[in-house]
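**Student:** For reference, the structure I am asking about is given below.
The values are calculated or read from the model by the stated rules, or taken from the named source; none is laboratory data. Nothing here was measured: the structure is a model prediction, and the numbers come from that model. In this analysis, Cβ positions are derived from the backbone assuming ideal geometry, glycine residues included, and neighbour counts consider all displayed protein chains. Protein only, heavy atoms only, side chains kept; ligands, DNA and RNA dropped before computing areas. Shrake-Rupley method; radii C 1.70, N 1.55, O 1.52, S 1.80 Å.
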Amino acid sequence: MSLLAVDIGSSACKAVLFAVGGEILSQHTSAYTPEFPRPCFAEMDPEKFWHAVCACCRAVVREIIEPVQALCLSSHGETFVALDGNGGLLSPAILNQDSRASLEAAWLEQKIGRKRLFQITGLVAHPMYSIPKMMWLRRHRPEMFGSATRFVTLVGYILQRMELPPHADYSLAGRFLAFDIHKRAWSEEILDAAGIKKDCLPLPVPAGTIAGKLDSRAASELGLPPGTLVVIGGHDQPCGALGVGVIGCGRVSDSIGTYECILAGSDAPVLTDAALAASLNSYCHVVPDKFVTIAYFPSGIMLKWLHDLLYSDGSGQGAAPTTADNIEADHLAFLEAHAPEGPTGLRITPHLIGTCNPEFNPHARGVIAGLNPGSSRSQLYKGILEGLACELALVTEALAESAGDFQDIYVTGGGSRSALGLRLRAALTGRRLHVMGSAEAVCLGTAIVAGVAAGAYQDVAEAVAQVIHEVASVSPSQEVAGLYAEQVKQYRAFRTDMITHFDFATHKEKP
């Protein structure tokens, strides 16, 4: 038997077929491109998500004899789809990166109160969340809003296309900005203030709930046998945390992707004044009766920018990529191999599209300081890694202050392939990093949810013990930390000065 996990990302869908022992049998990725019709808008035809899910599922099972025991779905958060009474589409999916609802988010925070909103939802107001965007629709698209009978998550939309109930697990419901994480139910107080009817929102259920079985039509489109069990997964970050073994207190993960997210598991939400000051997110885990608290910042997006800047003409500019299907990774490996020794002296902030914790300033932008005529592309590459390590140190301190101190971080994601990046992160955070065996932590966590629901594992603890393995560790170097002490101090002062005193819209110092 095998377990099929599908993760619906913001730019691509990935399906991974796992053996019950955790081995990857097959995997496939299908990319798509969001649309940006106006400033601050980010949308996509929901059918693109469905077609990507179908393409991925068909591809991974095409040459596999192992029968699929269960299919489980996870996705990024905040994105939602508006449906009419017949289940028809009323508009494109409004994506999590869409920031049109800044005024509505600010109004809701003022109406409920910043601390009260945090105590109910574990979140601070931000335009990325679903509820402010629904409020925007009510104000600017009243006819369409009035026709909507349901707003569903991406997982919910895919479930509906399978003719299954479009429920939302607690973790994805927790990304709406109206979910009471204590009662595990929609907050009537917030919904009343926002003018949103509870009946329009998906039914919240625990991750691992069995949605049903595939009928012949859906099974044909997905390339799976009719009767295949369909399990509701959850938000990608908690699924990824489960995929590295975060099932309760005492274990912390770091998912190094486009954004870098550090996450701590707990038995209760972390809603302290310190957590609020740092704008941490604390909400339901995909593990029963557990919670996650996260802090995050732009990460891989900065390396992607550098790569595209240097190699967009496809020439390689002196690099010698060795893997045709992963040229970008080879280019970055080339830069890393030629990185200079010691601190670069550069101060590079990764805020290309704004900061995350603790300020959540959408107007901030990335800044590079310290260039000279001798600065090289490899120096720029290492300078970015230094900046990312400095950012991780900042959010690690905030998470430790709120959720309790920790000495070990379990890392996964594309960024974990950079040995230099891991050494810098370990040294500047003062924590030991553990590199996990599976690079597909989100899908592995999603598969664990499927396996528990289908009876392949007795519980998540048994599954974690069976399928999750560490392959390497990186201890913090006091010598490296000492070499970087002055640069770290300069970075923090520079970061604070730029965010506090510089107006990125006018490119002038604030009065």
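**Student:** If you check R251 against the conditions, is it among the basic types (K, R), modelled with pLDDT of 95 or more and surrounded by fewer than 21 Cβ atoms within 10 Å (Cβ to Cβ)? Show your work before the answer.
**Tutor:** Values: among the basic types (K, R): yes; modelled with pLDDT of 95 or more: no; surrounded by fewer than 21 Cβ atoms within 10 Å (Cβ to Cβ): yes.
Considered against the rule, which asks whether it is among the basic types (K, R), modelled with pLDDT of 95 or more and surrounded by fewer than 21 Cβ atoms within 10 Å (Cβ to Cβ), R251 comes out as no.
**Student:** OK, next. Tally the residues that are assigned to a strand (DSSP E or B), touching a Phe, Trp or Tyr at 6+ places or on another chain (Cβ under 9 Å) and modelled with pLDDT under 95, restricting the search to the stretch 28-52.
**Tutor:** Within the stretch 28-52, the first condition is being assigned to a strand (DSSP E or B), and the residues that meet it are 28-31, 35, 43-44.
Now drop any that are not touching a Phe, Trp or Tyr at 6+ places or on another chain (Cβ under 9 Å), which leaves 35, 43-44.
Now narrow it down to the ones that are modelled with pLDDT under 95: 35.
So the answer is 1.
**Student:** Inspect all residues belonging to the stretch 146-153 and state whether any of them is surrounded by 20 or more Cβ atoms within 10 Å (Cβ to Cβ), polar (S, T, N, Q) and not in a strand (DSSP E or B).
**Tutor:** no
**Student:** Evaluate the stretch 399-406: report whether one residue or more is within 18 Å of L483 (Cβ to Cβ), among the aliphatic types (A, V, I, L, M) and modelled with pLDDT of 95 or more.
**Tutor:** Within the stretch 399-406, the first condition is being within 18 Å of L483 (Cβ to Cβ), and the residues that meet it are none.
For the stretch 399-406, residues within 18 Å of L483 (Cβ to Cβ), among the aliphatic types (A, V, I, L, M) and modelled with pLDDT of 95 or more: absent.
**Student:** Further question: Report whether or not P202 is over 15 Å from H285 (Cα atoms), open to solvent by 10 Å² or more (accessible area, probe 1.4 Å), part of a loop (DSSP other than H, G, I, E, B) and out of contact with any Cys (no Cβ under 6 Å at 6 or more places or on another chain).
**Tutor:** Numbers: over 15 Å from H285 (Cα atoms): yes; open to solvent by 10 Å² or more (accessible area, probe 1.4 Å): no; part of a loop (DSSP other than H, G, I, E, B): yes; out of contact with any Cys (no Cβ under 6 Å at 6 or more places or on another chain): yes.
It is false that P202 is over 15 Å from H285 (Cα atoms), open to solvent by 10 Å² or more (accessible area, probe 1.4 Å), part of a loop (DSSP other than H, G, I, E, B) and out of contact with any Cys (no Cβ under 6 Å at 6 or more places or on another chain).
**Student:** Now a separate question. Scanning for something under 28 Å from V16 (Cβ atoms), surrounded by fewer than 21 Cβ atoms within 10 Å (Cβ to Cβ) and at pLDDT 95 or above, does the stretch 229-247 turn up at least one residue?
**Tutor:** Checked against the condition, which is being under 28 Å from V16 (Cβ atoms), surrounded by fewer than 21 Cβ atoms within 10 Å (Cβ to Cβ) and at pLDDT 95 or above, the stretch 229-247 yields at least one hit.
**Student:** Any chance the stretch 119-141 includes a residue that's over 30 Å from K290 (Cβ atoms), open to solvent by 30 Å² or more (accessible area, probe 1.4 Å) and either in contact with a Ser or Thr (Cβ under 8 Å, 6 or more places away or on another chain) or part of a loop (DSSP other than H, G, I, E, B) (or both)?
**Tutor:** Looking only at the stretch 119-141, we keep the residues that are over 30 Å from K290 (Cβ atoms), and these are 135-141.
The next check asks that each one be open to solvent by 30 Å² or more (accessible area, probe 1.4 Å); those that pass are 138-141.
The next check asks that each one be either in contact with a Ser or Thr (Cβ under 8 Å, 6 or more places away or on another chain) or part of a loop (DSSP other than H, G, I, E, B) (or both); those that pass are 141.
The answer is yes, given that some residue of the stretch 119-141 is over 30 Å from K290 (Cβ atoms), open to solvent by 30 Å² or more (accessible area, probe 1.4 Å) and either in contact with a Ser or Thr (Cβ under 8 Å, 6 or more places away or on another chain) or part of a loop (DSSP other than H, G, I, E, B) (or both).
**Student:** Restricting to the stretch 171-202, count the residues that are among the polar types (S, T, N, Q) and touching a Gly at 6+ places or on another chain (Cβ under 9 Å). Walk me through how you get there before you give the answer.
**Tutor:** Looking only at the stretch 171-202, we keep the residues that are among the polar types (S, T, N, Q), and these are 171, 187.
Subsequent filtering for residues that are touching a Gly at 6+ places or on another chain (Cβ under 9 Å) retains 171.
Count: 1.
**Student:** Contact list please: Cβ distance under 9 Å, first residue in the stretch 453-475 and open to solvent by 60 Å² or more (accessible area, probe 1.4 Å), second residue among the hydroxyl-bearing types (S, T, Y) and not in a helix (DSSP H, G or I), pairs at least six apart or on different chains.
**Tutor:** Q466/Y457; H469/S438; E470/Y410
**Student:** Out of all the residues in the stretch 98-118, which are open to solvent by less than 100 Å² (accessible area, probe 1.4 Å) and closer than 16 Å to W186 by Cα?
**Tutor:** Kept after step one, since they are open to solvent by less than 100 Å² (accessible area, probe 1.4 Å), are these residues of the stretch 98-118: 98-102, 104-106, 108-109, 112-114, 117-118.
Within the stretch 98-118, L108, I112, L117, F118 qualify.
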